[in-house]
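Enquirer: I'd like to ask you about the structure that follows.
The values are calculated or read from the model by the stated rules, or taken from the named source; none is laboratory data. Note that the coordinates shown come from a computational prediction; the quantities given were computed from them, not determined experimentally. Positions of Cβ are generated from backbone atoms using ideal geometry, with glycine treated the same way; all protein chains shown enter the neighbour counts. Surface accessibility is based on the protein's heavy atoms, side chains included, excluding ligands, DNA and RNA. Shrake-Rupley method; radii C 1.70, N 1.55, O 1.52, S 1.80 Å.
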Amino acid sequence: MPELVVGPLLRHVDGAGASIWVETSAPCEVTVEAGGVKASSPTFTVHGHHYAVVDIEGEGDYEVRLDGEGVWPPPGRPPTCTPRCRC
């Protein structure tokens, strides 16, 4: 199963949404869900490293899944909010 190596990191934020960047241990499909909105992107590989940038328009707590398995937030850690969240 792929794992997070780095991230999730907020790469870009504007009035329409956010771009979330990750590095993973293996090629996979990265899915981000925020406020009931889901967005996915496959990883791309550069010099043996696997990256993805997922653009999402949802607000609120967000979760990250790699090939359908939840990896963020880690168990026992409170949810992470997108910057536009009004939590």
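Enquirer: Consider the stretch 9-23. How many of its residues are within 13 Å of residue 71 (Cβ to Cβ) and either aliphatic (A, V, I, L, M) or open to solvent by less than 20 Å² (accessible area, probe 1.4 Å) (or both)?
Expert: 2
Enquirer: Tally the residues that are in a strand (DSSP E or B), open to solvent by less than 80 Å² (accessible area, probe 1.4 Å) and modelled with pLDDT of 80 or more, restricting the search to the stretch 62-87.
Expert: Selection size over the stretch 62-87: 7.
Enquirer: Follow-up. Under 9 Å by Cβ, and 6 or more places apart or on different chains, what pairs join a residue from the stretch 7-28 that is in a loop (DSSP other than H, G, I, E, B) with one that is among the polar types (S, T, N, Q) and surrounded by 14 or more Cβ atoms within 10 Å (Cβ to Cβ)?
Expert: Cβ pairs passing all conditions: 26/43; 27/43; 28/43.
Enquirer: Can you give me the number of residues within the stretch 24-38 that are touching a Phe, Trp or Tyr at 6+ places or on another chain (Cβ under 9 Å) and surrounded by fewer than 17 Cβ atoms within 10 Å (Cβ to Cβ)?
Expert: So the count comes out to 2.
Enquirer: Scan the stretch 41-57 for residues that are open to solvent by less than 70 Å² (accessible area, probe 1.4 Å), at pLDDT 95 or above and either within 15 Å of residue 19 (Cβ to Cβ) or not in a strand (DSSP E or B) (or both) and jot them down.
Expert: 41, 43, 48, 51, 52, 53, 54
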